[in-house]
Structures are given as structure tokens and as C-alpha cells.
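Following: one structure in C-alpha cells, then a few remarks.
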Amino acid sequence: MALSVGSPVADAHEAAGVAGGFMSGFAHPLFGWDHVAAMVAVGLWGAFLGAPAIWLLPIVFPLVMAFGAALGIIGVPLPAVEIGIAFSAVLLGVMVALAARPPLVGAAAIVGLFAIFHGHAHGTELPAAANALAYAAGFVIATGLLHLIGVSFGFTTRWSWGAPAVRTAGGIIALVGVGFLLKGVA
């Protein structure tokens with residue numbers, strides 16, 4: 001009896017419904033460093049490319065990611081999801097580091113392809129008691145905020161020191177992605 005007085009309170013209930021779904025979805029990309037790296041890189045690359053990519057890439061990613069999430073939720077298999085997510089950080093980081101300027105359609109296709117992997121991972125990890133729409137809204141909003149962080153830092157390219165700083169950040173993201181790849185393969 002004496003020991004139970006000093007013990008912390010246990011909460012045996014998983015957050016459920018709309019609130020639990022939103023918070024679970026919102027937290028998912030924020031606590032996955034592989035997601036953070038790729039999503040910030042999308043914003044950096046969009047800012048580096050300028051208009052209209054600065055707004056198009058951060059819109060394409062969440063839209064296609066939601067499609068990938070739907071595939072994951074309904075159980076459509078997608079091979080090598082974790083490798084696809086890790087490779088997204090590598091390639092998107094390299095695109096920023098090299099200041100790659102493909103046609104807008106090509107950049108959007110690259111971003112969209114990787115968004116399917118990120119979305120599928122989010123979809124397959126939907127908590128059983130969570131509201132799927134609230135969960136999706138949570139991870140889409142968190143993703144948008146991560147893109148916004150990348151875009152905000154990407155705006156520094158307007159100054160002489162900004163472009164090298166953004167390209168360096170892209171290189172760091174690519175190296176971190178290589179680490180995720182090595183960790184996933186091992």
C-alpha cells in the first residue's frame with residue numbers, strides 16, 4: 001500500500017477519436033527524423049527553385065502523401081517503404097546541395113514519388129482507436145509546417161551567404177539520409 005502511494009498515475013487508455021487521431025497524426029512526422037529531413041528538404045528545394053516551385057512542391061507533397069496514406073490504411077502493400085523514405089532524404093538533399101533545377105514537372109514528380117512512401121508509412125501506422133480523417137489532417141498539417149521551415153530557411157538565398165548555407169543544409173540532409181539508408185539496410 002505504501003509503495004502505491006508514491007507511484008505515478010497510469011493511463012491505460014490510448015488517445016482515441018478525433019482528438020487522439022489528430023494528435024497522433026500530427027506527431028508522426030515530427031518524431032520521425034527521416035520524415036523531418038525529407039520534408040524540410042522539399043521546402044528548401046522549392047525555395048531554391050523559386051516561384052512557382054516554392055508553393056507547388058509543398059502542395060504536391062501533402063496531396064500525394066494523403067493518397068499514399070489511403071493506400072496504407074486500406075492495406076495496399078508497397079515494398080521497401082522505409083528505404084524509399086530514407087532515399088527521399090538522400091535524393092532531395094542532393095538536389096538542394098547541387099542546386100539542381102529540373103523542369104517543374106520533373107521536380108514535382110520526384111517530390112510526389114517520395115510522398116507516396118511517406119504517406120504509406122503514415123497510413124499503415126494509423127492507431128486502431130484513432131479517427132482516420134483527423135489523423136490524416138494531423139500529419140498533413142505537420143508536414144506543411146516542416147515544409148514551411150524549409151521554405152523559410154530557403155528564403156536566405158536572397159543574400160550572398162544564403163545560397164551556400166542552403167546548399168550545405170541540403171548536403172547535410174543527404175548525408176543524414178545515407179545514414180538512414182545504412183541503418184535500414186543493416
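The values are calculated or read from the model by the stated rules, or taken from the named source; none is laboratory data. A quick note: this is a predicted structure, and the numbers were derived from the prediction, not measured. Here Cβ is always computed from backbone atoms with ideal geometry, including for glycine, and neighbour counts include all displayed protein chains. To get the accessible areas, we keep the full protein, side chains included, count just its heavy atoms, and leave off ligands, DNA and RNA. Shrake-Rupley method; radii C 1.70, N 1.55, O 1.52, S 1.80 Å.
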Item to check | Pick from segment 129-186, criterion among the aromatic types (Phe, Trp, Tyr) and part of a helix (DSSP H, G or I), ranking: farthest from residue 90 (Cα to Cα) | outcome: 135
Next on the checklist: Quick check on this structure: which one of 97, 80, 109 is farther than 21 Å from residue 133 by Cβ and either of a type in the set (Ser, Thr, Tyr) or open to solvent by less than 50 Å² (accessible area, probe 1.4 Å) (or both)?
Outcome noted: 97
Checklist entry - Given the conditions (1) over 21 Å from residue 31 (Cβ atoms); (2) not in a helix (DSSP H, G or I), which single one is not true for residue 113? => result (2)
Next on the checklist: Tell me the residue from 145, 182, 175 that is within 21 Å of residue 81 (Cα to Cα), open to solvent by 60 Å² or more (accessible area, probe 1.4 Å) and without any contact (Cβ under 8 Å) to a residue 24 or more places away in the chain, please.
Outcome noted: 182
Checklist entry - What is the number of the single condition among (1) under 23 Å from residue 96 (Cα atoms); (2) modelled with pLDDT under 95; (3) not basic (Lys, Arg) that residue 64 does not meet? => result (2)
Next on the checklist: So for segment 157-180 (the condition being in contact with a helix residue (DSSP H, G or I) (Cβ under 9 Å, 6 or more places away or on another chain) and under 14 Å from residue 58 (Cβ atoms)), does at least one residue qualify?
Outcome noted: no
Checklist outcome for this item: Flagged in segment 1-47 as modelled with pLDDT under 90, open to solvent by less than 50 Å² (accessible area, probe 1.4 Å) and in contact with a helix residue (DSSP H, G or I) (Cβ under 6 Å, 6 or more places away or on another chain), in numbering order, are 21, 24, 25, 28, 29
